[in-house]
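Encoded as structure tokens, the structure appears first; notes follow it.
The values are calculated or read from the model by the stated rules, or taken from the named source; none is laboratory data. Everything numeric here is computed off the predicted structure, so don't read it as measured data. Cβ placement follows ideal geometry from the backbone for every residue including glycine, while neighbour counts extend to all protein chains displayed. For accessibility, only protein heavy atoms count, side chains too; no ligands or nucleic acids. Shrake-Rupley method; radii C 1.70, N 1.55, O 1.52, S 1.80 Å.
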Amino acid sequence: MRNKTLLFGLSCILLAYYTYIPIPENVEEPWKVRLIDILTKITMLTATVFEYMGLMKIEDFFFILLRTQNIEPISDENLTVIDTEFNNIPVRLYLPKRKSERQRPAVIYIHGGAFVTGSFKMLSYDFVNRMTASRLDAVVVAPDYRIASQDLFPAALEDCIFVIKFFLQDKVLEKYGVDPAHIFISGDSSGGSLTGSVTQLLQDDPEYRNKIKAQVMIYPNLQVIDTWMPSYREYENGPFLSRELAIKVFLRYLTEDEELPKAVLRNEHMPEGSRDLFKFVNWSHFLPEKYKKNHVYREPILGKLDASYPVLLDSRVSPLLANDSQLQRLPLTYVITCEHDILRDDGLIYVTRLRNAGVPVTHDHIENAIHGAISFATAPISLHSGSRIIDKYISWLQENL
Ligand SMILES: *[C@@H]1O[C@H](CO)[C@@H](O)[C@H](O)[C@H]1NC(C)=O
Ligand SMILES: *[C@@H]1O[C@H](CO)[C@@H](O)[C@H](O)[C@H]1NC(C)=O
Ligand SMILES: *[C@@H]1O[C@H](CO)[C@@H](O)[C@H](O)[C@H]1NC(C)=O
């Protein structure tokens, strides 16, 4: 009884504390956002306690929790939905049933989940992909790439590449009636990061150059060089994705080492001699004035770590590290950023850099939305902004098929 009272008391204090954390004023549906934020913070706290007790890792706790969102492939009157494998990597396929005179466009959708969780099986992703296939009369391919902490970088990226290269074979495209000139790659959050890397790698590969018609990146994370950009400061405590959660979980994808995440949190992780990379992510140079506000640019501090981490210098981890001549080659790009998102500036800077390099870019900035909005477009907590972003995404594809 006493334990229960104690637990109840503690929960009240926590709830009061979390409810006290302010939610940005102009966020849409603030009470739903607050609920999402509180639930995420309680989950993170529980996961941290479990990890501390040696029960399981933080990311495994998130993985188990999100797995409850998984659904089976369900065909309907318009679509055949099947789970299969491409190159031994699980994929869910959405194949329109209607007879078609023409070859169909195809969208490869890379799900988010901070590289440590998520699946095409999740209700929210199934919803997006089903709607895309149905509204566009397109084939959708959704891979489940390997995730951390079982498989570190570059496993996720390699799996995405394997799936895409498998799909791009003439005989496979033919089998699914896909038009090779109309292939799109899309992804959200870490899936947006993978979309960026995969598209860069394919463009650099003579065999695959110009095979992708366009890429779509929904609130992507695109660099790990500077974690003290204005959006990282303004949204340090969320809503939903806090700086600490983002960095801790993302770093699990890069290393098992405990020192690196701590250094990244202090923004003191870059090695001596890496200063010439700052020019690719310098927010003081690339951010539109409106977002700089009164923030003062402070260069990340170099050479504080003894160990060396080549992943920090790798453009496959940070697509923003590609130089202008690499960016120039990229196809038509659609970027969606959300205002209330620590990753906002990653997306904004990529938009500026791509435009400077002459790449055609469409950019939509959603002023009143949070990171992860499209994952909250279905029950139990559905945000209007999530549905609006999905609608924008599919409409853009439709206009650019
Ligand atoms: C199938 O397509 C028709 C015509 O586009 C649409 O009216 C109907 O709602 C679709 N069915 C499902 C289950 O989505
Ligand atoms: C960042 O950009 C600002 C403004 O353009 C410039 O003054 C500064 O030297 C740049 N710093 C680095 C490290 O590129
Ligand atoms: C851009 O990067 C590529 C690959 O690292 C390199 O081969 C090329 O020389 C670089 N170009 C410029 C202009 O720095």
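Quick look at the numbers
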read-out: Computed over region 128-197: relative contact order in percent, which uses C-alpha pairs under 8 Å that are six or more apart; value: 20
read-out: Pairwise FRET efficiency - R135 versus W31, Cβ, R0 = 25 Å, nearest 0.05; value: 0.25
read-out: Of K57/K262; K248/K392; K32/K262; K32/K248, those spanning more than 20 Å from alpha-carbon to alpha-carbon; value: K248/K392; K32/K262; K32/K248
read-out: Portion, in percent, of the accessible area of the chain that falls on carbon or sulfur, probe 1.4 Å; value: 55
read-out: Pairwise label distance in nanometres, L123 with D324, each label 7 Å out on the Cα-Cβ vector; value: 4.9
read-out: FRET efficiency, 1/(1 + (r/R0)^6) with R0 35 Å, evaluated for M53 and R355 via beta carbons; value: 0.10
read-out: Highest to lowest packing among 69-79, 277-287, scored as the average C-beta count within 10 Å; value: 277-287, 69-79
read-out: 10 °C / 1.306 mPa s Stokes-Einstein diffusion coefficient of region 160-203, Kirkwood radius on C-alpha pairs, µm²/s; value: 142
read-out: Approximate spin-label separation T46-K292, in nm, with each point projected 7 Å along Cα-to-Cβ; value: 4.5
read-out: Accessible area per residue in Å² at 1.4 Å probe, computed on the chain; value: 45
read-out: Cα gyration tensor category, rounded, prolate or oblate, for the chain with a/c compared to 1.5; value: oblate
read-out: CD proxy at 222 nm, helix term only [per DSSP H run n ≥ 4: -39500 (n - 2.57); per residue of the chain; nearest 500]; value: -12500 deg cm²/dmol
read-out: Accessible area in the full protein assembly, largest first, 1.4 Å probe, for T84, T255; value: T84, T255
read-out: Shape call, region 275-391: gyration tensor on alpha carbons, a/c limit 1.5; value: prolate
read-out: Isotropic mean projected area of the C-alpha convex hull, region 1-146 (nm²); value: 13.0
read-out: Sorted peptide list for 28-41, 236-249, 211-224, criterion being average Cβ within 10 angstrom, highest first; value: 211-224, 236-249, 28-41
read-out: Charge dipole (debye, nearest 20) of the chain; +1 at Cβ of Lys and Arg, -1 at Cβ of Asp and Glu; value: 560
read-out: Antiparallel content of DSSP bridges confined to the chain, in %, to 5; value: 35
read-out: For region 331-397: rounded, prolate or oblate by the Cα gyration tensor [a/c cutoff 1.5]; value: oblate
read-out: The chain, relative contact order [Cα under 8 Å, separation at least 6], %; value: 16
read-out: Under 17 Å from K290, Cα to Cα: aspartates and glutamates that are on another chain or at least 8 residues apart; value: E234, E339, D341, D345, D346, D364, E367
read-out: Segments 110-116, 172-178 sorted - mean Cβ within 10 Å per residue, highest first; value: 110-116, 172-178
read-out: Net length gained if the chain between D364 and L313 were fully extended (0.36 nm per residue, minus Cα distance); value: 15.5 nm
read-out: Residues listed by number, region 336-378, amide nitrogen under 17 Å from E236 label point at 7 Å toward C-beta; value: 341-345
read-out: Convex hull volume of region 221-273 per residue (C-alpha atoms, cubic angstrom); value: 89
read-out: Distance between modelled label sites at R146 and D276, nm, 7 Å Cα→Cβ extension; value: 3.3
read-out: Within-13-Å neighbourhood charge of D257 [Cβ basis; K, R +1; D, E -1]; value: -1
